[in-house]
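Worksheet: the structure to be examined is printed underneath.
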Amino acid sequence: NKTFEELMHKKRTRYGTEVCYADNSRKVFEQYHNTKTCAYMLLSDQSPNDKNKCYWIDFLNQKTAFIYGCEYFAKKYDYPVFFYKVRKIKRGYYEFEIEEVATQPQETEYGFIVEKSANILENLIKERSNVLIMGHSNGDIDSMGSSLGVYRLAKNLNKDAYIVNNVH
């Protein structure tokens, strides 16, 4: 939905945030490394395109492929990694918590950052009573399949689960 995408882009950039997508993330990291003080928020889906270039872990009782990008960039540029948690208090009111994943990523073992981030996410899902699952914009059959898989995992954990997909 183009209108929704434009609205989200406007909200994400209103305080000077720059949005970059996976296809140009390397370029952005190279551009800003050693030239600008900044923070990166990396979002990734759990359905990587290339299953050979991901990190596999047990997640919600099944083998799951995670994208390795966050750990790759953290180690390459020695950037600390934090997990940002948001909790809704009531309509329009939220609280957030930042949990340390790795402050010295170059000193961690291969997969540590991915595993710790996944463990934090898994615990968040287990703690909550409901799960909202959103596929990417212009969701395709892969997005819907991934959403159904996460839905089934949530239901197996006795969670109320909801899928929100924008399928044309």
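The values are calculated or read from the model by the stated rules, or taken from the named source; none is laboratory data. Note that the coordinates shown come from a computational prediction; the quantities given were computed from them, not determined experimentally. A quick note on method: Cβ atoms are made from the backbone with ideal geometry, for glycine too, and the neighbour counts reach across all protein chains shown. We work out accessible area using only protein heavy atoms, side chains counted, and drop any ligands, DNA or RNA first. Shrake-Rupley method; radii C 1.70, N 1.55, O 1.52, S 1.80 Å.
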Could you tell me how many of the residues in the stretch 2-26 are closer than 18 Å to residue 49 by Cα and open to solvent by less than 100 Å² (accessible area, probe 1.4 Å)? 3
Exactly one of these conditions fails for residue 65: (1) touching a Lys or Arg at 6+ places or on another chain (Cβ under 6 Å); (2) under 23 Å from residue 29 (Cα atoms). Give me its number. (2)
Failed item, numbered, when residue 35 is tested on (1) in a helix (DSSP H, G or I); (2) open to solvent by 70 Å² or more (accessible area, probe 1.4 Å): (1)
Do we have any residue at all in the stretch 61-80 that's open to solvent by less than 60 Å² (accessible area, probe 1.4 Å), under 18 Å from residue 121 (Cβ atoms), basic (Lys, Arg) and touching a helix residue (DSSP H, G or I) at 6+ places or on another chain (Cβ under 7 Å)? no
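Condition (residue is touching a Ser or Thr at 6+ places or on another chain (Cβ under 8 Å) and hydroxyl-bearing (Ser, Thr, Tyr)) applied to the stretch 79-97: is it met by at least one residue?
Step one: filter the stretch 79-97 for residues touching a Ser or Thr at 6+ places or on another chain (Cβ under 8 Å), giving 80-81, 83.
Still in the running and hydroxyl-bearing (Ser, Thr, Tyr): none.
The answer is no; no qualifying residue exists.
Where in the stretch 47-159 are the helices (runs of 4 or more DSSP H), entirely inside, with at least 2 residues that are over 22 Å from residue 21 (Cβ atoms) and under 14 Å from the mean Cα position of the chain (by Cα)?
Working: elements: 69-77, 112-127, 141-156.
Where helices (runs of 4 or more DSSP H) fall fully within the stretch 47-159 and carry at least 2 residues being over 22 Å from residue 21 (Cβ atoms) and under 14 Å from the mean Cα position of the chain (by Cα), they are 112-127.
Go through the stretch 1-32 and give me each residue that's touching a helix residue (DSSP H, G or I) at 6+ places or on another chain (Cβ under 6 Å) and in a helix (DSSP H, G or I).
As a first pass, look at the stretch 1-32 and keep what is touching a helix residue (DSSP H, G or I) at 6+ places or on another chain (Cβ under 6 Å): 19-20, 29.
The one that is touching a helix residue (DSSP H, G or I) at 6+ places or on another chain (Cβ under 6 Å) and in a helix (DSSP H, G or I): 29.
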Reported set for the stretch 86-130 where residues are within 18 Å of residue 150 (Cβ to Cβ), touching an Asp or Glu at 6+ places or on another chain (Cβ under 7 Å) and surrounded by 11 or more Cβ atoms within 10 Å (Cβ to Cβ) is 114, 120
Tabulated pairs, the stretch 70-83, first in contact (Cβ under 8 Å) with a residue 24 or more places away in the chain, second open to solvent by 60 Å² or more (accessible area, probe 1.4 Å) and part of a helix (DSSP H, G or I), C-beta under 7 angstrom, 6+ apart or interchain: 75/106; 78/106
